[in-house]
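Below: one structure, written as structure tokens.
The values are calculated or read from the model by the stated rules, or taken from the named source; none is laboratory data. Note that the structure is predicted; figures quoted are calculated from it, not measured. Backbone-built Cβ (ideal geometry, glycine too); neighbour counts: all protein chains shown. Just the protein is used for accessible areas: all its heavy atoms, side chains included, with ligands, DNA and RNA removed. Shrake-Rupley method; radii C 1.70, N 1.55, O 1.52, S 1.80 Å.
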Amino acid sequence: MSSLGIGPIRPGFDQSVAAPAGEVSRRIQALVGSGAGQLAGNCLPTHFQLTVQEGERHFWSPWLHLEIEGQALEGQAVAQRAIEHRTGLVQTSTEMLQRVRVRGYFTPAPSLWTGFMLLGIALITLAFFTGIWGLVQMYLAQPPIALLGTAACLLGLLMLAGISRAGQRLAGEQMERLQARVQAALEAAAAEQV
């Protein structure tokens, strides 16, 4: 598992688990509930959105999105059986069928994330058009005043990146707690298979 870090816009982790997808899903679903120590969230068969309970939530509270991928590994198991047949090496193919990949990434609340991304897209679009306008002004031998708009948009994007980093720092403890809870559930699913 990769370290959480405070670097990318959406920090996360990627892990292979030696357990069937159904068991991994069941363990993660068991984390969600309204009882003490449980997490809030939404569960689908292979996708989960987890966050802290309402009483602990604040503006920057993280949401952990989990994807469970098992189908691609089944295709690898079929290829592995073909390699075993040609090389004579014996390796249990069922072990590969019992492995799933769990990918998790953190975002702020979905509505905040949507607003954040829309603002970023708007600034990039505005920077593009003001840049073109400024180049046309230069071509027409006019003062390229529109390039100031481009610079302002780029400054706005830098500010968004800074706000993102600050939000990740503010939510760091909750991110680590969410990841630790999921990690414990994944380890329990793998331990049950031994």
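In the range 102-158, the qualifying residues are those that are under 30 Å from Ala185 (Cα atoms) and polar (S, T, N, Q), and the one that is surrounded by the fewest Cβ atoms within 10 Å (Cβ to Cβ) is Ser111. Restricting attention to the range 90-117 and to residues that are farther than 30 Å from Ile163 by Cα and assigned to a helix (DSSP H, G or I), the residue that is modelled with the highest pLDDT turns out to be Leu97. Here Ile28 clears all of (1) surrounded by fewer than 19 Cβ atoms within 10 Å (Cβ to Cβ); (2) outside any strand (DSSP E or B) except the condition numbered (1). The condition (being open to solvent by less than 50 Å² (accessible area, probe 1.4 Å), over 28 Å from Pro20 (Cβ atoms), in contact (Cβ under 8 Å) with a residue 12 or more places away in the chain and touching a strand residue (DSSP E or B) at 6+ places or on another chain (Cβ under 8 Å)) is satisfied by just one residue among Ala190, Ala171: Ala171.
In the range 6-60, what residues are of a type in the set (Asp, Glu) and under 23 Å from Gly172 (Cα atoms)? Of everything in the range 6-60, those that are of a type in the set (Asp, Glu) and under 23 Å from Gly172 (Cα atoms) turn out to be Asp14, Glu54, Glu56. It is to be established whether one or more residues within the range 50-60 are open to solvent by less than 50 Å² (accessible area, probe 1.4 Å), in a loop (DSSP other than H, G, I, E, B), of a type in the set (A, V, I, L, M) and at pLDDT below 90. No, the conditions are met nowhere in the range 50-60. Do we have Ala141 as more than 30 Å from Gln49 (Cα to Cα), free of Cβ contacts under 8 Å to residues at least 12 places away in the same chain and either within 18 Å of the chain's Cα centre (by Cα) or not in a helix (DSSP H, G or I) (or both) here? Judged against the criteria, Ala141 is a match.
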